[in-house]
Amino acid sequence: MADSEDDWPEPARPPHAELRAYLTAARKRLGITQTELAKRISTTQSNVSDLEAGHVADPGIGSFARWAAALDLDLTVEVVERRRHTFVVTARSIPLRL
């Protein structure tokens with residue numbers, strides 16, 4: 001018997017909220033302005049601001065991947081079926097080789 005959409009639990013908050021917070025903090029920690037990030041991902045500063053503030057209702061994984069890459073981060077998505085159908089999204093730093 002296939003699961004219906006009603007069988008999936010509603011998350012308490014958007015699943016991308018932690019990722020958005022992590023990437024925003026990483027940008028600030030690196031001293032990169034929203035304007036510079038916008039140039040790196042070919043968008044406008046206002047779009048970056050909206051994304052960071054959570055004003056983009058459902059940003060796609062491609063948006064997060066470009067954002068992470070612009071900060072020299074590797075974005076890894078892991079989908080793990082559990083009892084409650086939890087989806088895990090993480091971002092981590094890639095060590096730079098000098």
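The values are calculated or read from the model by the stated rules, or taken from the named source; none is laboratory data. What you are looking at is a predicted structure, and each value in this text was computed from that prediction instead of being measured. No Cβ is skipped: glycine too gets one built from the backbone with ideal geometry, and neighbour counts run over all protein chains shown.
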Subset of the stretch 39-55 [in a helix (DSSP H, G or I) and out of contact with any Pro (no Cβ under 8 Å at 6 or more places or on another chain)]: LYS39, ARG40, GLN45, SER46, ASN47, VAL48, SER49, ASP50, GLU52, ALA53
Residues within the stretch 56-71 that are part of a helix (DSSP H, G or I) and either under 16 Å from GLN34 (Cα atoms) or touching a strand residue (DSSP E or B) at 6+ places or on another chain (Cβ under 9 Å) (or both), tallied: 9
Contacts under 6 angstrom Cβ, first residue in the stretch 39-66 being without any contact (Cβ under 8 Å) to a residue 40 or more places away in the chain and surrounded by 17 or more Cβ atoms within 10 Å (Cβ to Cβ), partner of a type in the set (Gly, Ala, Ser) and part of a loop (DSSP other than H, G, I, E, B), 6 or more apart: none
When residues of the stretch 22-38 are limited to those that are of a type in the set (A, V, I, L, M, F, W, C) and not in a helix (DSSP H, G or I), the one surrounded by the most Cβ atoms within 10 Å (Cβ to Cβ): ILE32
Residue in the stretch 1-14 that is surrounded by 13 or more Cβ atoms within 10 Å (Cβ to Cβ), at pLDDT 70 or above and not polar (S, T, N, Q) present: no
